[in-house]
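Taking it in order: structure first as structure tokens, then the write-up.
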Amino acid sequence: MLLPEFTPIFNRDVKAIARRHHDIEGLRRVMSLVLADDEQSRDELRRRHRAHQLTGEWHGAWECHIENSSDLLLIWMRRRDTVIFVRAGSHAALFR
């Protein structure tokens, strides 16, 4: 299991998601899959949440959909035994 770190902007993103009445539990489930870092969790992230590495400005970061039916995304980076949760939000908010 990996250790979590949170950027200040990620914490603000989560508060904004909660204010918009989105399901925070979905975000927590995806974060637990990222932190588990085993074969089964990585497979579920790729298959169910469309996890993939980002390029360009976000090179080195990963992105996945929080829930299949929504436009909410989670962006994280991995550093050794730590996962840094960078951003969470809609495509429009994260990639404008």
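Taken together, the values in this text are just the output of simple stated rules run on the coordinates, not laboratory data. In this text, all values refer to a predicted model and were calculated from it rather than measured experimentally. No Cβ is skipped: glycine too gets one built from the backbone with ideal geometry, and neighbour counts run over all protein chains shown.
Kindly list the number of the only condition in (1) in contact (Cβ under 8 Å) with a residue 60 or more places away in the chain; (2) touching a helix residue (DSSP H, G or I) at 6+ places or on another chain (Cβ under 9 Å) that fails for residue 62. Only one criterion is unmet by residue 62, namely (1). The set of residues in segment 51-70 being part of a strand (DSSP E or B) and surrounded by 12 or more Cβ atoms within 10 Å (Cβ to Cβ) consists of 61, 62, 63, 64, 65.
Which residue out of 67, 25, 57 is under 21 Å from residue 1 (Cβ atoms) and out of contact with any strand residue (DSSP E or B) (no Cβ under 9 Å at 6 or more places or on another chain)?
Working: 67 fails: under 21 Å from residue 1 (Cβ atoms); 57 fails: under 21 Å from residue 1 (Cβ atoms).
The unique qualifying residue is 25.
Screening the candidates 96, 48, 78, 87 for the property of being on the phi < 0 side of the Ramachandran plot, part of a strand (DSSP E or B) and surrounded by fewer than 16 Cβ atoms within 10 Å (Cβ to Cβ) yields one hit, 78. When residues in segment 25-45 are screened for being under 10 Å from the mean Cα position of the chain (by Cα) and outside any helix (DSSP H, G or I), 0 of them pass. Here residue 73 meets each of (1) aliphatic (A, V, I, L, M); (2) touching a Cys at 6+ places or on another chain (Cβ under 8 Å); (3) not in a strand (DSSP E or B) with one exception, condition (3).
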